[in-house]
Structure formats: C-alpha cells, structure tokens
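Reviewing the structure listed below.
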Amino acid sequence: MTLLGKAEARQRKQAGLSSKGNGRAVYKVDLPSYHADCDANYLRLIRLLPGLPERVLWRYQLPAGTLILSIAAHSRYTTEVSLGAEVSPGACRWLESPDLTVRLYHDARMAEVITANGCGPLGGKGTDAIYPNPRMQRADERPQTNRFLAEWLDYCLANASAEFDLVLDGRRF
C-alpha cells in the first residue's frame with residue numbers, strides 16, 4: 001500500500017497537481033519576475049522619497065487627492081514605508097485608496113509589500129495554499145500586490161506634484 005501511495009504522489013507531482021488530492025494545479029512562483037517587480041518598485045519609491053534618511057513624511061498632490069508616504073520603521077538595512085492617500089472632498093470616490101506598508105531592503109535594492117489594508121503578512125503557508133482560507137488570500141497574493149504597487153507608483157510619478165512648506169523669515173506659508 002505504501003508503494004502505491006508513493007507512486008501516486010510521484011504521478012501527481014509530475015502532472016503538476018496538488019499533493020493534497022484536490023485536483024488543482026500547484027501554484028509556481030515566477031521568482032525572476034517577482035524580483036524584477038520588487039527591484040523596479042524600489043527605484044520608483046526612492047524617486048518619491050528624496051532625503052530619505054532625514055525626513056519621515058512626504059505629501060504629493062494628485063489630481064483627485066493627496067498621496068502620503070511616511071516612515072513607519074527605519075533600521076540600517078531596511079525601512080518600512082506606509083503608503084496611503086486622502087481623497088479630495090469634492091472628488092468622485094469610486095475606488096478605495098491604498099493602505100500599504102512596504103519594506104525597502106537597501107542592501108538588495110528591493111521593495112516588497114508586507115501588508116495591504118492592515119492585513120499581513122501576505123501570501124499563504126507555502127505555495128500550495130488552500131482557498132478559501134480564513135484570511136481569504138490566494139497563493140499569488142504577494143506578486144499581485146507588488147504589481148498593484150508598481151501601477152500605483154507609476155501613476156503617482158506621472159501625475160503627482162510635491163507639497164512643501166515655504167518658510168520665510170520664520171513664517172510658514
């Protein structure tokens with residue numbers, strides 16, 4: 001019986017099916033693509049975070065609101081950035097603003113979304129997560145949120161203008 005079980009497991013693995021016996025294909029991580037997304041997101045965020053070691057808050061004016069970037073935690077090799085948005089009072093609110101926490105790995109020059117809308121860590125337990133699960137996350141949740149971050153940052157880089165405080169003779173304008 002054990003030999004039969006091993007042979008069946010080997011056949012399922014060769015066919016690319018889940019070992020859990022549910023007949024579903026196993027999700028395979030496209031690691032080069034994932035790393036490329038994380039590398040590009042790092043470069044996008046660094047452009048939006050000038051003066052990173054000295055500052056903790058950045059605000060950018062968008063056509064229908066404000067992008068807010070703030071430092072949640074900072075260490076020698078990593079920085080956690082909270083990314084959120086405020087919608088203008090008169091703007092059409094048909095889409096929820098993002099609430100993401102992104103970890104910047106300065107030594108690897110990568111940025112990865114670690115929480116989305118207060119839920120994290122992203123992704124299931126392993127690459128063969130059962131869905132539905134208590135957190136209602138798919139196995140490919142991490143790549144999806146990092147691609148969303150890439151699209152959001154591209155939009156911000158194309159349409160945002162920096163807000164700044166003008167201080168003249170000690171008076172703020």
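When the solvent-accessible surface of protein heavy atoms is calculated with a 1.4 angstrom probe, in what order do His74, His35, His106 fall, highest first?
The ranking, largest first, comes out as His74, His35, His106.
Note on Leu49 and Arg147: the model spin-label points, each 7 Å out from Cα along the C-beta direction, lie 2.4 nm apart.
Classify region 33-74 as rounded, prolate or oblate, taking a ≥ b ≥ c as the square roots of the eigenvalues of its Cα gyration tensor: rounded when a/c is under 1.5, otherwise prolate if a/b is larger than b/c and oblate if not. Oblate is the answer for region 33-74, as a/c is 1.5 or above yet b/c matches or exceeds a/b.
Remark: accessible surface ordering of Arg47, Arg142 (largest first) is Arg47, Arg142, probe radius 1.4 Å.
The values are calculated or read from the model by the stated rules, or taken from the named source; none is laboratory data. Everything numeric in this text was worked out from a predicted model, so none of it was measured. Backbone-built Cβ (ideal geometry, glycine too); neighbour counts: all protein chains shown. Keep in mind that these areas ignore ligands, DNA and RNA; they rest on the heavy atoms of the full protein, side chains included. Shrake-Rupley method; radii C 1.70, N 1.55, O 1.52, S 1.80 Å.
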